[in-house]
Amino acid sequence: MIACSVVINGYSQLPSLDSAAAHIAKGELTAASEMIENLPVEVKQMHWFSVDSLNMIISRLRYDFSLTPSEGIAEVLKKKPATTIREIADWIDAKYIETATIDGKEMWFRKAVRNLWLINPEFQVHPDTVGNYEHFGSTLYGWKEKKSDKNRCHDWHRATIKFELDVDANVVPAGDTVKAWLPIPLATVRQRNFKMLSTSSDVVYSKGSAHNTVFMTAVAQKDKPTHFEILFRYDVAAQNFPLEYILEKLKPYNTDSDLYKEYTKADGKHVVINDRIKKLAECIVGSETNPVKKASLIYDWIVSRFPWAGARDYGTIPNIPDYVLDIHHGDCGQVALLYISLVRAVGVPARWESGWMLHPWENNYHDWAETYFEGIGWVPTDVSFGRNDDPAFKEYYKTGTDVYRFASNCDYSEKLYPEKKYLRTDPMDFQAGEAEWRNGNIEGTDYSSKLTVVSFEPIK
């Protein structure tokens, strides 16, 4: 069964759209499309956002589950020629190969074969999620001896970043205006002194949004990509808290504070505290009452059980923490949401943070968490990077983060500023930028974005 997680305004009171959503949940995408197409014109106009969003979900499900079993088996045989059909069936049963029934036919997730080699323990292939250890040097192995400021920040660097977004030629008719939102750094104890150096057009800085952005417009030209570009710099630091430091300074939570109440509750989206999550969290922590040790036990439990794998569109998953528990793997954002849900379920405040990792060998999207301990404050927690055979990595990222970061989001699935009219290409996170025009969202298949680290120099 498939379901959509996007909160669609108003369709819960419209039976025809509820029925379309029910068809989507069963994988009956053609029936859902036909039902939507046959809606009266006035209903489509009145509920245009719901209609547009359901159509986008259908499109994204078809894209993600686009590999036929015969195509998938052929890919597997290229990598492991002696594979039997019985083995493949067993891998499907074990959730190593993710499938869905689409219009009555079994379809494989488009990344299923690549993921098989990442999550099936018999292949014993573990991707090095943090690149070459040698690049980290004292960052990982000498950080406890480094001089830090009052926020435990050290290794300050000045990063100069170019971010570009290009809408493909002729996606938007010539003369029409393209709107774009591009990410810029949050102001945090680890990121400061942001300065915009240049822009391809005028920008509007976000206000009050959890997604820190600039908004830009440009006029589409025939046969030419519509280009947006910003160049900026900011200062960024590593931040680490030894467990013994946290335990020494720890104070009891003020459970009446707004902060505690806000960050220990379910959020109605993907931070979930249902019976399953509560029971699991309580089982993991047992009789432990110290919040630092509770969080540590949950972190260790996750990193030892859920290998990294390429993820399907978050907007097609109704409940990400339960999905990770069911599918037995997850990418960085998925395990971060599982961690946040589990620690909140046992009374430890936690929240989302995301953006980019800027390591010398790779720039890429990345999501992590922050955990709040009274007397210390917010502590970075990177569950994804803890999935490494080197114990130093687990210790370092349990209560810290490296300097190679560009954080632009302090929550997920929030409104952009200015507010976007149509459903976002990524309804959860904001890293690749977003674009739309007067007639709809511009899907990720119709634009590309690129982050370039122009310079990354230590501040002396």
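The values are calculated or read from the model by the stated rules, or taken from the named source; none is laboratory data. These figures come from a predicted structure and were not determined experimentally. FYI the Cβ positions are ideal-geometry reconstructions off the backbone, even for glycines, and counts take in every protein chain you see. Calculation scope for accessible area: heavy atoms of the full protein, side chains included, ligands and nucleic acids excluded. Shrake-Rupley method; radii C 1.70, N 1.55, O 1.52, S 1.80 Å.
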Requested in this report: Can you pull the one-decimal nm distance between simple spin-label points at GLU457 and GLU71, each 7 Å off the Cα toward Cβ?
Outcome: 4.8 nm
**Report entry** Distribution of pairwise C-alpha distances over the range 44-96, 10 Å bins, in %
**Finding:** 20, 33, 19, 16, 10, 2
Report task. For an R0 of 41 angstrom, estimate the FRET efficiency from the Cβ-Cβ distance between PHE123 and TYR63 and round to the nearest 0.05. Result -> 0.95
Report task. Give me the net charge of GLN191's neighbourhood, meaning all other residues with Cβ under 10 Å from the Cβ of GLN191; Lys, Arg count +1, Asp, Glu -1. Result -> +2
Query raised in the report: D for the range 136-288, whole µm²/s, Stokes-Einstein with Kirkwood Rh over alpha-carbon pairs at 37 °C and 0.692 mPa s: what number?
Result: 162 µm²/s
Query raised in the report: So which lysines pass the test for LYS79, namely a Cα distance under 17 Å, with those fewer than 8 places away in the same chain ruled out?
Result: LYS111
Report summary line: In whole Hz, the Karplus estimates of ³J(HN,Hα) for the range 311-317 (6.51, -1.76, 1.60; θ = phi - 60°; x where Gly or Pro) are 9, 7, 4, 4, x, 9, 10
Requested in this report: May I ask you to list the aspartates and glutamates whose Cα is less than 19 Å away from that of LYS251, ignoring any residue fewer than eight positions away on the same chain?
Outcome: GLU262, GLU288, GLU370, GLU374
Query raised in the report: Can you give the calculated 222 nm mean residue ellipticity of the chain, where each DSSP H run of n ≥ 4 adds -39,500 (n - 2.57) and the sum is split over every residue, rounded to the nearest 500 deg cm²/dmol?
Result: -9000 deg cm²/dmol
Requested in this report: Quote the convex hull volume per residue of the chain, based on C-alpha atoms, as a whole number of Å³.
Outcome: 166 Å³
Query raised in the report: In units of 2.2 N^0.38 Å, what is the alpha-carbon radius of gyration of the range 234-338?
Result: 1.22
Query raised in the report: Given charges of +1 on the Cβ of Lys and Arg and -1 on the Cβ of Asp and Glu, with all other atoms neutral, how large is the dipole of the chain about its Cα centre, in debye to the nearest 20?
Result: 900 debye
Report summary line: Under the Karplus relation with 6.51, -1.76 and 1.60 and θ = phi - 60°, whole-Hz ³J(HN,Hα) for the range 400-416, x at Gly and Pro, equal x, 9, 7, 7, 7, 9, 9, 8, 10, 9, 10, 6, 10, 6, 9, 6, 7
Requested in this report: Bin all alpha-carbon pair distances of the range 362-460 at 5 Å intervals from 0 and give each bin's fraction as a whole percent.
Outcome: 2, 10, 16, 16, 17, 16, 11, 7, 4, 1, 0
Query - For TRP356, distant residues with modelled amide H under 5 Å away - result: HIS366, PHE406, ALA407, SER408
Query raised in the report: Hey, what do the phi angles of the range 237-243 turn into as Karplus ³J(HN,Hα) couplings, whole Hz, using 6.51/-1.76/1.60 and θ = phi - 60°, x for Gly and Pro?
Result: 10, 6, 8, 9, 10, x, 4
Query raised in the report: Which value, in Å², gives the accessible area per residue of the chain when a 1.4 Å probe is used on the protein heavy atoms?
Result: 44 Å²
Query raised in the report: How would you rank 72-82, 152-162, 113-123, highest first, on the average number of other Cβ atoms within 10 Å across their residues?
Result: 152-162, 113-123, 72-82
Query raised in the report: Hey, how many Å between the Cα centroid of the range 51-85 and the Cα centroid of the range 250-282?
Result: 37 Å
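Around TRP368, with a cut-off of 15 angstrom between Cβ atoms, what is the net charge of the other residues, counting Lys and Arg +1 and Asp and Glu -1?
-2
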Query raised in the report: For the range 244-293, what class follows from the C-alpha gyration tensor (a ≥ b ≥ c being the square roots of its eigenvalues): rounded when a/c is under 1.5, otherwise prolate if a/b is larger than b/c, else oblate?
Result: oblate
Query raised in the report: Among the lysines, which have Cα under 16 Å from the Cα of LYS26 when same-chain residues fewer than 8 positions away are ignored?
Result: LYS105
Report task. List, in the order given, every pair from LYS222/LYS420; LYS44/LYS420; LYS162/LYS265; LYS78/LYS394; LYS207/LYS450 whose Cα-Cα distance in the structure shown is over 28 Å. Result -> LYS162/LYS265; LYS78/LYS394
Requested in this report: Using 0.36 nm per residue of separation minus the Cα-Cα distance, give me the extension gain between ASP176 and ASP235 in nm, one decimal.
Outcome: 17.5 nm
**Report entry** Two-decimal log10 I(q)/I(0) for the range 276-429, as the Debye equation yields it once each C-alpha is a single scatterer, q = 0.13 Å⁻¹
**Finding:** -0.59
Requested in this report: Any chance you could run the full-extension gain for SER287 through MET46? It's 0.36 nm times the residue separation minus the Cα-Cα distance, nm to one decimal.
Outcome: 81.4 nm
Query raised in the report: Rg and Dmax of the range 220-262 over Cα atoms: what are they, in angstrom?
Result: 23.2, 64
Query - Residue-span extension gain [THR30 to ASP93] - 0.36 nm each, minus C-alpha spacing - result: 20.0 nm
Report task. Pull up all non-local amide H partners of THR213: gap of 5 or more, or a different chain, and H-to-H distance under 5 Å with H placed in the peptide plane. Result -> ILE184, SER206
